[in-house]
Each structure stands twice: as structure tokens, then as C-alpha cells.
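Report on the following structure.
Nothing in this text is a laboratory measurement; each read-out follows from the coordinates by a stated rule. This one's a predicted model, so the numbers in the text were calculated from it and none came from an experiment. Every residue, glycine among them, receives a Cβ derived from its backbone with ideal geometry; neighbour counts consider all protein chains shown.
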Amino acid sequence: MKPNIGLANKEGEGVVKILNTVLADEYVLNTKTKNYLLADHEALIRALRVDLETCADRYHDIGTNDFLTGLMEKHEKMAWMLRAYVEGKSV
């Protein structure tokens with residue numbers, strides 16, 4: 001049974017084509033956004049690793065080192081979740 005929503009078959013086909021294009025564009029944008037977010041988290045993790053070494057070796061600041069470690073762990077978790085989502089794995 002076909003739906004009766006007031007559109008002829010030709011009109012319906014045109015609408016379906018438009019919606020398929022919109023859906024594909026939205027999917028691409030969504031994937032690109034997640035990949036950019038993942039890259040940002042990974043860049044922050046790399047920078048925090050350098051800062052951790054500097055705090056420990058140069059300044060001997062254990063408190064700041066611990067704070068930065070916690071921050072890095074949060075970014076690592078978020079990067080892991082984004083990576084799993086982008087790769088299509090269940091988180």
C-alpha cells in the first residue's frame with residue numbers, strides 16, 4: 001500500500017532525490033566534524049604530554065603534573081570514544 005500524502009509519483013521521486021542528497025551531505029558533515037574533533041583532542045594530548053614532562057623534570061611541580069595528568073586522561077577518553085564512533089564500533 002502506497003502512502004497517500006498528496007504528492008504524485010513524479011513529485012514524490014523528486015522529493016526523495018532531494019532528501020537523499022540532504023541526508024548524504026549531513027552524514028559527510030557529521031563525519032568530518034567528528035574527525036576534526038578527534039584531531040583536536042589528539043593534538044591536546046600530545047601537548048599535555050610535553051607539559052607533563054616539563055612540570056615534572058624542570059619545575060618539580062607534582063600538583064600541576066597531577067592536574068595535567070587528569071586533564072590528559074579526560075582528553076584520551078574522549079578521543080577513544082570519538083575514534084570508536086568514527087570507526088563504527090560500539091562504545
task = Could you name the lysines whose alpha carbon sits less than 24 Å from that of K17, not counting residues in the same chain fewer than 8 places away?
result = K2, K32
query = How much mean residue ellipticity at 222 nm does the chain get from its helices, if each DSSP H run of length 4 or more adds -39500 (n - 2.57) and you divide by all residues, to the nearest 500 deg cm²/dmol?
reply = -28000 deg cm²/dmol
ask   = Along the charge dipole of the chain, Cβ charges K/R +1 and D/E -1, which of Y59, W80, G14 sits furthest on the positive end?
value = G14
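Can you compute the charge dipole magnitude of segment 2-78 about its Cα centre, using +1 on each Lys and Arg Cβ and -1 on each Asp and Glu Cβ, nothing else charged? Give it in debye, rounded to the nearest 20. Before the final figure, lay out each step's value.
Values: 10 positive and 13 negative charges, 105 e Å.
With only Lys, Arg, Asp and Glu charged at Cβ, the dipole is about 500 debye.
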